[in-house]
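**Student:** The structure under discussion is supplied below as structure tokens; questions concerning it will follow.
Here, each number is a calculation from the coordinates, and none is a lab measurement. Since the model is a prediction, treat every value here as computed from it, not as a measurement. For neighbour counting, all protein chains shown are included, and Cβ atoms are generated from backbone atoms with ideal geometry for every residue, glycine included.
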Amino acid sequence: MIPVLTRAQMRAFDKYAIETCHVPGVVLMENAGRGAADVLSAMIEARRPHTPSREADAISARARSFPVRHVQSPGQPATYPLEARVVVVCGTGNNGGDGFVVARHLYARGAEVEVYLAGKSEKVMGDARINHDAYIDLGGRFFELPEGAGLGPLHTALARADFVIDALFGTGLDRPITGHLADVIAVLNDAAARCVALDIPSGLDADSGAPLGIAVRADDTVTFGHLKIGMLTPEGARLAGNVHVVDLGVPDPPILTHVGVVAEVIRRETVGSYFAPTPERSPAFPRQVGAWTRPGVDLTRRGDTRPVASQ
Ligand SMILES: NC(=O)C1=CN([C@@H]2O[C@H](COP(=O)(O)OP(=O)(O)OC[C@H]3O[C@@H](n4cnc5c(N)ncnc54)[C@H](OP(=O)(O)O)[C@@H]3O)[C@@H](O)[C@H]2O)[C@@H](O)CC1
Ligand SMILES: [K+]
């Protein structure tokens with residue numbers, strides 16, 4: 001079973017890990033961002049037309065500035081330097097902080113990275129500020145897009161990007177998005193680059209799965225800690241695209257016992273394990289349930305046709 005949390009439960013999960021279990025928030029953010037960078041690295045690796053030879057890497061200009069690593073180790077599923085242009089669009093909260101962590105790791109792995117902050121640096125505080133400063137002080141390319149700024153530079157950057165990372169809003173979203181931030185999301189949604197949302201697509205209500213004003217349409221979502229219920233509604237699932245869950249580096253049982261879950265997703269394999277194949281077939285539902293019965297419970301005779309959610 002895969003746990004599914006509400007927005008409040010996920011925020012309580014982070015709070016409990018930080019305040020009761022004393023895992024620093026900046027450590028959770030690093031685990032989240034590095035996990036997302038690993039998912040991105042695997043996507044970038046999968047785009048390579050063929051695995052380049054050592055000779056080809058040796059003549060690449062960027063291979064001279066970044067170490068070439070051919071060993072694929074767990075958590076680093078890529079050959080460096082990464083061959084991709086990545087634009088990270090950050091908000092001023094902790095979701096933006098995750099974006100700065102992703103940007104730092106992809107930059108360290110040799111990708112061409114640019115970060116656009118939808119606001120002013122002075123508004124970035126706490127753990128997000130630590131990662132904002134680390135990325136910039138390591139020499140990362142960075143641009144501010146405060147209220148009133150034209151979005152032309154973002155348009156131009158996205159036109160040549162392979163990936164755009166949506167790090168505008170996560171579980172902190174609590175009202176409809178309007179004005180400048182809505183315009184930034186519209187630009188993201190117009191881009192041809194593959195869009196990867198961090199935690200949830202910005203603008204998606206993590207509980208209802210409905211857009212709050214406007215929402216990012218992601219190709220993939222790397223969600224942190226646990227699935228949020230809003231990503232499982234029909235509209236939420238469409239906006240989230242392929243969902244990848246990255247762990248925060250804390251054990252679940254002590255925290256989930258405290259914060260609870262709202263639902264659980266049953267894996268396809270788990271559903272299968274509840275039932276044993278039989279030669280019987282239901283005349284009413286020959287394809288769906290006819291060939292499967294749970295030991296001791298014959299669904300075909302009982303006529304139980306409720307759908308079973310599975311992943
Ligand atoms: N340490 C942790 O807890 C960890 C957190 N993690 C990450 O942090 C994310 C949650 O971060 P967050 O709480 O800072 O909120 P976030 O989603 O970045 O929004 C920022 C602020 O925007 C504002 N705002 C809201 N709606 C708005 C609107 N419509 N239009 C304009 N502004 C609006 C509102 O502030 P307000 O304006 O109300 O003061 C809000 O606080 C989470 O999803 C995960 O990605 C992970 O790194 C794991 C560790
Ligand atoms: K996001």
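**Student:** Would you list which aspartates and glutamates come within 16 Å of LYS228, measuring only between C-alpha atoms, while excluding same-chain residues fewer than 8 positions from it?
**Tutor:** ASP14, ASP174, ASP199, ASP205, ASP207, ASP220, ASP247, ASP252, GLU264
**Student:** Let me ask another. So if we plug the beta-carbon distance of ARG175 and ALA46 into 1/(1 + (r/R0)^6) with R0 = 35 Å, what FRET efficiency do we get, rounded to 0.05?
**Tutor:** Details: r = 37 Å, r/R0 = 1.07.
Taking R0 as 35 Å, the efficiency between ARG175 and ALA46 is 0.40.
**Student:** Give, as a single signed number, the net charge of other residues whose beta carbon lies under 12 Å from the beta carbon of ALA134, with Lys and Arg counted +1 and Asp and Glu -1.
**Tutor:** Values: positive: ARG104, ARG129; negative: GLU30, ASP127, ASP133, ASP137.
Around ALA134, the surrounding residues sum to -2.
**Student:** Through the Karplus equation 6.51 cos²θ - 1.76 cosθ + 1.60, θ set to phi - 60°, convert the phi angles of the stretch 223-235 into ³J(HN,Hα) values in whole Hz; use x for Gly and Pro.
**Tutor:** Computed from phi, the couplings for the stretch 223-235 are 9, 9, x, 8, 4, 9, 4, x, 7, 9, 6, x, 6 Hz.
**Student:** Please state the relative contact order of the stretch 172-247 as a whole percent: Cα pairs under 8 Å, 6+ residues apart? The partial results should precede the final answer.
**Tutor:** On the way: 155 pairs, mean separation 22.5, N = 76.
Taking the mean separation of contacting Cα pairs over the length of the stretch 172-247, I get 30 percent.
**Student:** Provide the gained length on full extension for the span TYR274 to ASN242, in nm with one decimal, where the gain is 0.36 nm per separating residue minus the Cα-Cα distance.
**Tutor:** On the way: separation 32, 0.36 × 32 = 11.52 nm, distance 2.67 nm.
Between TYR274 and ASN242, full extension yields 8.9 nm more.
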